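**Q** Below: one structure in structure tokens.
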Amino acid sequence: MASEQASGPLRGVRVLDLTTVVMGPSATQLLGDLGADVVKIESAGGDSMRWIGPWRHAGMGPMFMSANRNKRSVVLDLKTPQGKNAAMVLAAEADVLVSNVRPQALGRLGLDYNGVRRANSRIIFCSAVGYGSDGPESGKAVYDDLMQAASGIAGLFGAVDGAPRYAPVNICDRIVGLYVANAVTSALYHRAMTGAGQDIEVPMFETMAQFVLADHIGGAAFVPPAGEMGYKRLLSRSRGPYQTKDGYLSLVVYTDKHWRAFTRIVGCPDLLDSDERFRSQETRTLHAEDVGHFLAGHLPARGNKEWLEILHGIDIPASPVNSLDQLLDDPHLKAVDFFQEIDHPTEGKVLVCRHPVRYGNSKASIRRLAPNLGEHNGEILGAEFAGEPTPAAPASTAKIAS
């Protein structure tokens, strides 16, 4: 049943959100989906992602709306005594504070962990930073592009294609946002067990370095090194997706069982016994380039539909290569009601992606769509702040739950 009432596992948790752009807001949006009451503090100019269009009304761009649902917005000038005091009152009443403001700036405002915990000893204070505070790069501003470069992601493209480049998605922001949400929920559990709040630092560089090296540390996992770094299968120039008669296909012919089934289909039933490059998973990884060329040579013989029927019939994982617009028509996503059309009070009908995780007893929900700038000043801060600024519309509450 559609409801404004939080139903997720974090129901009753109050989060004070001092984040902007993508990484921090995506983390606090997850907490909001899980039932937390998220209060977002913005400057008079608003989160910069408000202005990334297209939009129906300026300040309500699609990336902002997707990362800021289930939140209420207040506008405060934290450089003024009035604004700082109001923020401290909110922090004193919060369970969690999440910030990606540089720690030095928060310290100057008195809104760092040491300042806030004097008002709220149980606060869970999570700082998402570029580099860990113990290192020489601490305090530097970062963005997703910089982290893709620093963590080795851009360089991996160079190892495959000859020149470094960025993945066309904010992969570092999104991944580190997941770590932030995980850190907060873990700290909430710790507080439930011990009664103690704590200070948490989630550094983007260290997080992404660990993420990349989990796949690519290779021989450097041993001291002294036992071989080269890098997972050859992922670095293969012939990894795919592969061209078929009428499109492109992704498939993973991985185990010996997969390979014996696939080679029978393409008329090479003795390949694993006759060619040492294909004999085992180990040798196929060492000769990943040759393996890819073999697949690429056979896929053009059939079209996507025929290949998918054949491959699924012999239990080989395969998928067509979707474009962005094809995702909107994907039959599986439609069947699981992944997309939902909801009426926003100021932006009209909007399309949202529901929270993807299913909870049996504490369902995540979409209770509010992204707020207009300062929409909840009066509701949260009281009459003296109600005119800064005037909300564009009533509270943007979505009458839907997932």
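**Q** Mind checking which residues of the range 130-145 are part of a loop (DSSP other than H, G, I, E, B) and of a type outside the set (S, T, N, Q)?
**A** Gly130, Tyr131, Gly132, Asp134, Gly135, Pro136, Glu137, Gly139, Lys140, Ala141, Val142, Tyr143
**Q** Scan (1) outside any strand (DSSP E or B); (2) closer than 18 Å to Leu188 by Cα; (3) in contact (Cβ under 8 Å) with a residue 40 or more places away in the chain for the single condition Ser127 breaks and write down its number.
**A** (1)
**Q** Right, next: Starting from the range 170-197, take each residue that is in the same structural domain as Thr19 (by TED's automatic domain parsing) and list its partners that are modelled with pLDDT of 95 or more and among the aromatic types (Phe, Trp, Tyr), counting only C-beta distances under 8 angstrom and pairs at least six apart or across chains.
**A** Ile175/Phe211; Gly197/Phe125
**Q** May I pose another question? Considering only the range 26-46, I want to know if a residue exists there that is more than 23 Å from Val184 (Cβ to Cβ) and either outside the structural domain of Ser365 (by TED's automatic domain parsing) or touching a residue at least 60 places away in the same chain (Cβ under 8 Å) (or both).
**A** yes
**Q** Taking the residues in the range 323-381 that are in contact with a His (Cβ under 9 Å, 6 or more places away or on another chain) and hydroxyl-bearing (Ser, Thr, Tyr) as candidates, determine which candidate is nearest to Ser73 (Cα to Cα).
**A** Here the residue is Thr346.
**Q** Taking the range 77-86, which residues are without any contact (Cβ under 8 Å) to a residue 60 or more places away in the chain and within 22 Å of Ile124 (Cβ to Cβ)?
**A** Residues satisfying the conditions are Leu78, Lys84, Asn85.
**Q** A further question on this structure: Test Arg277 against the criterion of being in contact (Cβ under 8 Å) with a residue 12 or more places away in the chain, of a type in the set (Lys, Arg) and not assigned by TED's automatic domain parsing to the domain that holds Lys140, and give yes or no.
**A** Criteria met by Arg277.
**Q** Go through the residues of the range 266-275 one by one and say whether even a single one is crowded, with 17+ Cβ neighbours inside 10 Å, in a loop (DSSP other than H, G, I, E, B) and of a type in the set (A, V, I, L, M).
**A** No, there is no match, as no residue in the range 266-275 is crowded, with 17+ Cβ neighbours inside 10 Å, in a loop (DSSP other than H, G, I, E, B) and of a type in the set (A, V, I, L, M).
**Q** Kindly check whether there is at least one residue in the range 78-94 that is within 18 Å of the chain's Cα centre (by Cα) and in a loop (DSSP other than H, G, I, E, B).
**A** no
**Q** Go through the range 322-339 and report how many residues are among the acidic types (Asp, Glu) and either modelled with pLDDT under 95 or surrounded by 10 or more Cβ atoms within 10 Å (Cβ to Cβ) (or both).
**A** In the first step, residues of the range 322-339 are kept if they are among the acidic types (Asp, Glu); the result is 325, 329-330, 337.
Narrowing the set further to residues that are either modelled with pLDDT under 95 or surrounded by 10 or more Cβ atoms within 10 Å (Cβ to Cβ) (or both) leaves 329-330.
Of the residues in that region, 2 qualify.
The values are calculated or read from the model by the stated rules, or taken from the named source; none is laboratory data. The structure displayed is predicted, hence computed values, not measured ones. Glycine gets a Cβ as well: all are built from the backbone with ideal geometry, and neighbour counts include every protein chain shown.
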